[in-house]
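J.: Have a look at this one before I ask anything.
The values are calculated or read from the model by the stated rules, or taken from the named source; none is laboratory data. Everything numeric in this text was worked out from a predicted model, so none of it was measured. Here the Cβ positions follow ideal geometry from the backbone for every residue, glycine too, while neighbour counts run over all protein chains shown.
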Amino acid sequence: MYLIGLSINLLHLIMSDYQIKENPELFDAIVVGSGAGGGMAGYILAHAGLKVLMLEAGPFYDPAKDSLQLRWPWESPRRGAGTTRPFGDFDAAFGGWQIEGEPYSKVAGTEFEWFRARMLGGRTNHWGRISLRMGPDDFKPKDGVTEEWPITYEEVKPFYDRVDRMIGIYGTVEGIHNEPDGIFMKPPKPRLNELYIAKGAKKAGVPVIPGRGAVLTEVSKDIKDRGACFYCGQCGRACKVYGDFSSSSCLVIPAMKTGNLKVIDNAMVREVITNDEGLAVGVSYVNTKDLQEYTVKGKTVILGASACESARIMLNSKSKSHPGGVGNSSGLVGKYLHDSTGASLSGFLPQLLDRKRYNEDGVGSVHIYSPWWEDNAKLNFPRGYHIEYGGGLHMPSYGFLNWVPKVNDIAKNSDGKTKAKGGYGTALKEDFRSYYGANVGMAGRGTALARKDNYCEIDPDKVDKFGIPVLRFNYKWANEEIAQAKHMQETFQSIMHEMGAVITSKIPGADTLYGLEAPGKIIHEGGTTRMGNDPKTSVLNKWGQAHDCKNLYVVDAGPFVQQGDKNLTWTILALSMRTAEYILQEKKKLNG
Ligand SMILES: Cc1cc2nc3c(=O)[nH]c(=O)nc-3n(C[C@H](O)[C@H](O)[C@H](O)COP(=O)(O)OP(=O)(O)OC[C@H]3O[C@@H](n4cnc5c(N)ncnc54)[C@H](O)[C@@H]3O)c2cc1C
Ligand code: SF4
């Protein structure tokens, strides 16, 4: 059989002669992906009057119609368990760590986990809404280990300000140098367990301040067609009144209303098509329903498919002008991959056993958090982490008190005695009632190092169900990151001790890297198409524009040189807005 020995790409090319369907329309811009990055670029360009086509791999999703907010637990036909939803039956996420027919591989010794959402709005339908700006020292670090960005906080600040006003964020003005304040709505009040946390943390020398989240806690004259939050605590299911930020509700659907943004859903982009001069002329995609291949034409191509997926598209876009993949003359596409570090600890507060019942659902994001507070000169790792806190009374869900029978021998009953672990029947129900709302958890989210040795690349031996070559991950934690996780655990224990909590999780030691989660698990991956001034050491320039292909841009977390200890989405939004404005300026100058 003569086809044996041909590469998968070549085979695809031969077959595609018979299959490709060309769309003759020429768009001003094609945006790939509709999450935070793609959504913002589409919004800005469509509002400026450009004819924009957005290609989204997943189905259309409008929280107003599709959210499963305000359901009772017993309405779940599967007792809460998800099928296509990794976080349970009512959560908004379609996708997860593994998607049927869309594999990825890892080299031996790599534990990277890759979370993907497949739906309009991407992961922003079900993200935690914790919205932190990176600070001046995050853009220009002075630790000698982590690298500088080609831009400063001052250059990004006007875009953060515009994102704050446009989308809405709560928080408080604190004046902390590397935790810049935004334009805030009022924050939600701390819950009871959070008051204990704040007191314990203060004694442990750890600051606690009100949280910062993308939820409308006030009505704003600048924000139209969205309702204010009514504190159901269920942002993870997406909000039917658009009270929180999802790219679907706040960016893509409003942009469609301008008449300038067309969305094709269920469109899995394969590659960027370039001409003999190396410029992008369009993209090809597979319709995930009819499995046919299509091409569309655009004057500008903007990738916002998420950091690893955009790198995958670029690496798969090989041509005579871009033999190593479009924009990859540096060989750095896929390199410098980094997620945040993460570790956690849980326990309960004996003071809150048998507590009074009332509604403290609040917003579906954090009410309090601890920004990084330490002086690195005294530590064995650069940079730092912030702490997110959980626990308290929330709407019960299936299995939410499963931990109680494992720990109910630790606390004393009202008669001063302890029980045996486990239990069933009336005694177990009594324990559930007693422990409900007494739990407390804390999780660190820290700066991981962007290193060339951690990367994703194309696996030469594997394609997904659409025939597109998949990614293979190479990733190892460095000693600095392990040292950071150790510091997290010591801090958590100290706060737990000072607040009088009982620790219920096993305290992780060196054998488990102090509970440091596998890379990818914190779902903050970035750095795969880093920006920089030198085309030899970066993929994009400081505007997110490919050095090698001037009408190709990346607007997800790929352009990040190095994350701070802040969750990354607010920065994706600000940078995508900045890139979109740059594209408009270039078009005015007839450069794009
Ligand atoms: C459970 C959870 C909690 C989180 N909490 C927070 C938080 O509190 N704060 C924070 O800052 N961040 C948080 N994040 C991370 C946040 O969701 C991401 O940083 C953000 O969504 C990234 O935006 P993006 O546009 O790069 O990618 P995505 O939001 O992933 O969007 C990418 C889109 O592109 C589409 N796509 C992918 N490949 C293709 C292709 N080949 N062709 C066409 N379309 C494609 C996808 O279907 C998807 O819709 C959380 C994430 C999760 C999952
Ligand atoms: S907590 Fe507020 S913003 Fe979140 S889903 Fe409920 S009402 Fe909407």
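J.: Residue check, D290 against (1) without any contact (Cβ under 8 Å) to a residue 12 or more places away in the chain; (2) on the phi > 0 side of the Ramachandran plot, all met but one. Which one?
T.: Going through (1) without any contact (Cβ under 8 Å) to a residue 12 or more places away in the chain; (2) on the phi > 0 side of the Ramachandran plot one by one, D290 breaks only (2).
J.: Can you tell me which of (1) of a type outside the set (D, E, K, R); (2) more than 10 Å from ligand 1 (Cβ to nearest atom); (3) surrounded by fewer than 22 Cβ atoms within 10 Å (Cβ to Cβ) is the one T288 doesn't meet?
T.: T288 satisfies every listed condition except (2).
J.: Of all the residues that make up the stretch 380-432, how many are under 33 Å from the mean Cα position of the chain (by Cα) and not aliphatic (A, V, I, L, M)?
T.: Looking only at that region, the number is 21.
J.: Could you say whether any residue in the stretch 294-302 is crowded, with 18+ Cβ neighbours inside 10 Å, in a loop (DSSP other than H, G, I, E, B) and away from ligand 2 (no atom under 16 Å from the Cβ)?
T.: no
J.: Please go through the stretch 541-562 and pick out each residue that is in contact with a Ser or Thr (Cβ under 6 Å, 6 or more places away or on another chain) and either farther than 23 Å from A48 by Cβ or in contact (Cβ under 8 Å) with a residue 60 or more places away in the chain (or both).
T.: Within the stretch 541-562, D548, N551, Y553, V554, V555, D556, G558, Q562 meet the criteria.
J.: Answer with yes or no whether S330 is surrounded by fewer than 21 Cβ atoms within 10 Å (Cβ to Cβ), over 17 Å from L279 (Cβ atoms) and away from ligand 1 (no atom under 15 Å from the Cβ).
T.: Taking the combined requirement at face value, the residue satisfies it.
J.: Quick check on M134: is it closer than 22 Å to G527 by Cα, assigned to a loop (DSSP other than H, G, I, E, B) and touching a helix residue (DSSP H, G or I) at 6+ places or on another chain (Cβ under 7 Å)?
T.: On the way: closer than 22 Å to G527 by Cα: yes; assigned to a loop (DSSP other than H, G, I, E, B): yes; touching a helix residue (DSSP H, G or I) at 6+ places or on another chain (Cβ under 7 Å): yes.
When the stated conditions are applied, M134 passes them.
J.: Search the stretch 420-442 for residues being aromatic (F, W, Y) and under 13 Å from W403 (Cα atoms), and hand back the single one that is surrounded by the fewest Cβ atoms within 10 Å (Cβ to Cβ). Steps first, please.
T.: As a first pass, look at the stretch 420-442 and keep what is aromatic (F, W, Y): 424, 432, 435-436.
Those still in the list that are under 13 Å from W403 (Cα atoms) too: 432, 435-436.
Working: F432: 17, Y435: 22, Y436: 20.
Going through the qualifying residues, I end up with F432.
J.: Return the only residue of R133, R123 being surrounded by 24 or more Cβ atoms within 10 Å (Cβ to Cβ), within 16 Å of ligand 1 (Cβ to nearest atom), of a type in the set (D, E, K, R) and under 19 Å from A557 (Cβ atoms).
T.: On the way: R123 fails: surrounded by 24 or more Cβ atoms within 10 Å (Cβ to Cβ).
R133 is the lone residue from the list that is surrounded by 24 or more Cβ atoms within 10 Å (Cβ to Cβ), within 16 Å of ligand 1 (Cβ to nearest atom), of a type in the set (D, E, K, R) and under 19 Å from A557 (Cβ atoms).
J.: Among what's in the stretch 493-524 and is of a type in the set (V, I, T) and over 25 Å from the mean Cα position of the chain (by Cα), pick the residue that is farthest from G444 (Cα to Cα). Break it down stepwise before answering.
T.: Initial filter on the stretch 493-524 (of a type in the set (V, I, T)): 495, 502-504, 507, 512, 522-523.
So of that shortlist, the ones also over 25 Å from the mean Cα position of the chain (by Cα) come out as 495, 502-504, 507.
Details: I495: 13, V502: 19, I503: 16, T504: 17, I507: 15 Å.
Here the residue is V502.
J.: Just to be sure I understand the filter: pairs with C-beta atoms under 6 Å, separated by 6 or more residues or on different chains, first member in the stretch 403-431 and within 13 Å of L353 (Cα to Cα), second member surrounded by 10 or more Cβ atoms within 10 Å (Cβ to Cβ) and of a type in the set (D, E). Which pairs pass?
T.: Listed by first residue and then by second, the contacts come to V404/D431; N408/D431.
J.: Residue by residue through the stretch 97-126, note down the ones that are under 18 Å from S34 (Cβ atoms) and of a type outside the set (D, E, K, R). So that I can check it myself, show each step before the final result.
T.: Start the filter on the stretch 97-126 by keeping residues that are under 18 Å from S34 (Cβ atoms), which leaves 99, 102, 115-126.
Within the stretch 97-126, I99, F115, A117, M119, L120, G121, G122, T124, N125, H126 meet the criteria.
J.: I want to confirm something. Restricting to the stretch 236-257 and keeping residues that are under 17 Å from the mean Cα position of the chain (by Cα) and not small (G, A, S), which single residue is modelled with the lowest pLDDT?
T.: Checking each candidate, the answer is R237.
J.: Sticking with this structure for a sec: I need the full set of residues from the stretch 71-106 which are surrounded by 15 or more Cβ atoms within 10 Å (Cβ to Cβ), free of Cβ contacts under 8 Å to residues at least 60 places away in the same chain and not in a loop (DSSP other than H, G, I, E, B), in order please.
T.: Of everything in the stretch 71-106, those that are surrounded by 15 or more Cβ atoms within 10 Å (Cβ to Cβ), free of Cβ contacts under 8 Å to residues at least 60 places away in the same chain and not in a loop (DSSP other than H, G, I, E, B) turn out to be G95, G96.
J.: Filter the stretch 452-463 down to the residues that are within 30 Å of G144 (Cβ to Cβ), out of contact with any His (no Cβ under 7 Å at 6 or more places or on another chain) and touching a residue at least 24 places away in the same chain (Cβ under 8 Å) and list them by number. If you could, list the steps in order and put the result at the bottom.
T.: Step one: list which residues in the stretch 452-463 are within 30 Å of G144 (Cβ to Cβ), which gives 452-457.
Still in the list and also out of contact with any His (no Cβ under 7 Å at 6 or more places or on another chain): 452-453, 455-457.
Within the stretch 452-463, K452, Y455, C456, E457 meet the criteria.
J.: Would you check which residues across the stretch 312-324 are touching a Lys or Arg at 6+ places or on another chain (Cβ under 9 Å) and in contact (Cβ under 8 Å) with a residue 40 or more places away in the chain and list them? Don't jump to the end; show me each part of the working.
T.: Residues of the stretch 312-324 touching a Lys or Arg at 6+ places or on another chain (Cβ under 9 Å): 313, 316-317, 324.
I313, N316, S317, listed by residue number.
J.: Here's a follow-up. Residues in the stretch 351-368: is at least one crowded, with 22+ Cβ neighbours inside 10 Å, more than 16 Å from ligand 2 (Cβ to nearest atom), charged (D, E, K, R) and in contact (Cβ under 8 Å) with a residue 60 or more places away in the chain?
T.: no
J.: Next question, about the same structure. From the list N328, N359, pick out the single residue that is part of a loop (DSSP other than H, G, I, E, B), closer than 30 Å to F466 by Cβ and of a type in the set (S, T, N, Q). It would help to see each step written out before you state the result.
T.: Details: N359 fails: closer than 30 Å to F466 by Cβ.
That would be N328, the only listed residue that is part of a loop (DSSP other than H, G, I, E, B), closer than 30 Å to F466 by Cβ and of a type in the set (S, T, N, Q).
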